[in-house]
Amino acid sequence: MTFFLQLVISGFTLGMVYALIAIGFVIILKCSKAFNIAQGHFVMIGGYLGFTFLVTFHMPIWASLLVAIAAAIVMGLLVERLTLRPLVGQPVLAVIMMTIGLATVLEGLATLIWGGEYKTYHGVLPKLTLKIGEISVPSEMTIGVIVSVVTVVILMIIFRYTKSGLAMRATAEDEQVVQSAGIRVTTIYALSWAIACVVGVISGIILGGVSGVMVGMSQVGLKAFAVVLLGGVNSIGGAIFAGIIVGVLENVAAGYLDPLLPAGGGLANVFPFIIIIVVLIFRPYGLFGLAEIERI
Amino acid sequence: MEVPSGTFSQSYAQDMAIFRTRTHWILLLAFLAFLFTCPLYFGDRILTIMTIICITVISVLGLNILTGYCNQISIGHAGFMAVGAYTSGILTAHFGWSFWAALPCAALMAGMVGILFGLPSLRVKGFYLIMATIAAQFIIIWFILQFRNITGGGDGLAVPKPEIFGFVLKSKGSYFYLVMIIACLATFAAKNIVRTRVGRAFIAIRDNELAAEVMGVNLWAYNLLAFFIGCVYAGVAGSLLVHYVAFASVDQFPFMNSVWYLGMLIVGGMGSTVGAILGAVSLKLLDELVTVIGPIISAAVAPQAAASLSLIIRGLIIIIFLIFEPRGLAHRWQMAKAYYRLWPFSH
């Protein structure tokens, strides 16, 4: 029972991170209709930024988060202006390939700057002891859950109560109507990339605290696509719900099935991909998504 | 500007022919003669590069049929190559089959697995299909690692070299002949598949899926057929690769390769057989260049500079081609030919 609870709790934290990554993805998808393969690379960059600020510069966690967010905004705006803006109106494949190219460049830059080694910042974060039953939850996980909940709440507030949030939701609905209402769609695109970048970097810092940082960490972005698909590509609430489901399922499945498999399992690494195939075959638009209707 | 001015077609067959003029035929024969005599002029190093390029060309031709013609984007092509590679590797190493029997089985097996992972294409497209193929890549590699008693798992699998009438294709030159001939046949097949009824159906699906269905194209059958053909090419390429290095391991088929094959299509030009070849050749040559200058840069800047340089160059090439030449090298090639034919009078 304790083992099961442990799996569920660490799965829950992982699920919150997945949900954050998925939200970043969904924001870009809704606003600028671009499928951002590079979201996982924003996460990796976030992890390395966290390492730089927390360990190299010995900053406290709140200051690190703020500086990292500022860096993320700059990165998001640059990425949008330099790579995605020239492709407005191009086919889906061009945009996807562009984000793949971007992902490759980001991976190369991270390798160049941070050396591509495994880095960790255990014990740098403040101690927060939390006990659920007999299990003590590591402070990295507690902080992770707190930060991600706060981020989600702030995002919800931005989308619901601010003018630019309203403009973003309107752009997701219909670009032409938004343009004729006098809103600059390019600004909205830039904003959505900046927000997605910030969300990615925050989840990178959380994930870096839990499991360390390395270049291969960007694979978490691919795994978060399972969350996006399960929750439905155009639903933020769905992303949170699906994130927790996928995180917990992955951890529990890996915990119980790995010892049964030959070659030591490694089920956690493929489980999200199995979910992707199952969802695509049985319910392609996810639990909360809307089916696309197309005209000739 | 497909043919020089003054070339007239008097029959349908003439109109459809790929090689129209005497110059075309002379160039083709000269190129084939060059390919068949390559081992005479080049050393082992160049022959190795050319063999790898031929294998890549086979793989990218398959991806071009699947992605360039039928618009089913696949980022799992290296995974399908791994299926072909391990099928023929296991058949030859464990069951003692000859390479010539194992190669068609590898192609067939890769095609079947391709159909399996192409099944979501019946209900979804675009981004969703990309997800399915990415999932295919990781699931296939995981399966190979799990069944370690037949695949060798992470340790890899020793694979015998192919032999023909008792003559083992050990030398670089002999293996180059094998791969080059198969690559030529694959190019011939790819060029012709897209001119048949099947190919026209693929193009119809690419241009507008709904309109194609209304015209009577069976989406269900043709989507899966595209996956089958594309993955058969991948299976052949994978099998040739492992028999060349006489060793199969999952490290030969990383996710990055799947991405890079799509990059080759982008650089070469989507939906063009010439483009697939140009893309594969130019980017493989670039890879070679990076392996040559990488150590120099590493020594000058930092130890990790070589790895990061190759990644940054790859990414930047994809980005630059997407922004400045989305139709790829194939388009440039067409323009160069038109320029050559019209010069000095544009009429």
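All of the numbers you see were taken from the coordinates with simple rules; none came from a lab. These numbers were taken from a predicted model, which means no experiment stands behind them. Using ideal geometry, Cβ is built from the backbone for each residue, glycine included, and neighbour counts are taken over all protein chains shown.
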Cα-derived Rg to Rh of region B:1-132, Kirkwood definition: 1.09
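What number comes out for the charge environment of A:I274, summing +1 per Lys or Arg and -1 per Asp or Glu over other residues with Cβ under 12 Å away?
Overall, the nearby charge balance is 0.
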Expected-Rg normalisation [2.2 N^0.38 Å, Cα atoms] applied to chain B: 1.03
For q = 0.18, 0.23 Å⁻¹, Debye-computed log10 I/I(0) when each Cα of region B:248-347 counts as one equal scatterer: -0.91, -1.17
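Within 10 Å of each Cβ in peptide A:276-283, how many partner chain Cβ atoms are there on average? Round it to a whole number, please. Mind showing how you got there, number by number?
Numbers: counts 9, 9, 2, 6, 11, 6, 2, 1.
That works out to 6 on average.
Within 10 Å of each Cβ in peptide B:316-327, how many partner chain Cβ atoms are there on average? Round it to a whole number, please. Let's see the in-between values first.
Details: counts 5, 2, 9, 12, 1, 3, 11, 9, 1, 0, 7, 0.
Partner Cβ neighbours, averaged per residue: 5.
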Principal-axis tilt of helix A:185-211 within chain A, Cα atoms, nearest 10 degrees: 10 degrees
Nearest-ten-degree value, helix A:236-257 long axis tilted from longest Cα axis of chain A: 30 degrees
Potential lengthening between A:L287 and A:V55 on full extension [0.36 nm per residue; Cα-Cα distance subtracted]: 79.4 nm
Relative intensity, log₁₀ I(q)/I(0), of region A:19-217 from a Debye sum that treats every alpha carbon as a point, q = 0.09, 0.11 Å⁻¹: -0.36, -0.53
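With an 8 Å Cα cut-off and a minimum separation of 6 or more residues, compute the relative contact order for chain B in percent.
Working: 483 pairs, mean separation 96.6, N = 347.
Normalised by residue count, the contact order of chain B is 28 percent.
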Whole-number percent relative contact order across region B:165-319, with pairs defined as alpha carbons under 8 Å at least 6 apart: 13 percent
Rounded FRET efficiency, nearest 0.05, which uses the C-beta distance separating B:A221 from A:L5 and R0 of 45 Å: 0.35
Under the Karplus curve 6.51 cos²θ - 1.76 cosθ + 1.60, θ = phi - 60°, whole-Hz ³J(HN,Hα) for region A:76-91, x wherever Gly or Pro sits: x, 5, 4, 4, 5, 5, 7, 10, 8, 4, x, 9, 4, x, 7, x
Cross-link pairs A:K119/B:K125; B:K170/B:K191; B:K170/B:K284; B:K284/B:K337 - those with Cα-Cα distance over 27 Å: A:K119/B:K125; B:K170/B:K191
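Extension gain B:A336-B:L116, at 0.36 nm per residue separation less the Cα-Cα distance, in nm?
Values: separation 220, 0.36 × 220 = 79.20 nm, distance 4.17 nm.
Result for the pair: 75.0 nm of gain on full extension.
Hey, can you rank B:153-164, B:68-79 by average C-beta count inside 10 Å, highest first?
On the way: B:153-164: 16.6, B:68-79: 27.8.
Going from most to least packed, we get B:68-79, B:153-164.
Normalising by the residue count of chain A, find the relative contact order in percent from Cα pairs under 8 Å and 6+ residues apart. Display every interim value, and only then the final one.
Values: 454 pairs, mean separation 108.0, N = 296.
Rounded, it is 36 percent for chain A.
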Estimated inter-spin distance, A:D174 and B:L40, nm [label 7 Å along Cα→Cβ]: 7.1 nm
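Which residues make up the longest stretch of chain A clear of chymotrypsin sites (Phe, Trp or Tyr not before Pro) that lie in a DSSP loop with no more than 12 other Cβ atoms within 10 Å, not counting the sites? The partial results should precede the final answer.
Details: sites that count: A:F57, A:Y118.
Segment A:119-296 is the longest.
For every helix of n ≥ 4 consecutive DSSP H residues, a contribution of -39,500 (n - 2.57) applies; sum these over the protein assembly as shown, divide by its total residues, and give [θ] at 222 nm rounded to the nearest 500 deg cm²/dmol.
Details: 26 runs with 456 residues, N = 643.
Value at 222 nm, helices only: -24000 deg cm²/dmol.
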Residue mean of other protein chain beta carbons inside 10 Å, A:27-35: 1
Fraction of alpha-carbon pairs over 19 Å apart in region A:106-175 - percent: 64 percent
Rounded to whole Å, sorted largest first: equivalent-ellipsoid semi-axes of the protein assembly as shown, Cα gyration tensor: 43, 30, 24
Qualifying GluC sites (Glu not before Pro) in region A:41-121, DSSP loop, other Cβ atoms within 10 Å at most 13: A:E117
Phi to ³J(HN,Hα) by Karplus 6.51 cos²θ - 1.76 cosθ + 1.60 over region B:33-50, Hz, x for Gly, Pro: 4, 4, 4, 6, 9, 3, x, 6, 8, 9, x, 4, 5, 5, 5, 4, 4, 5
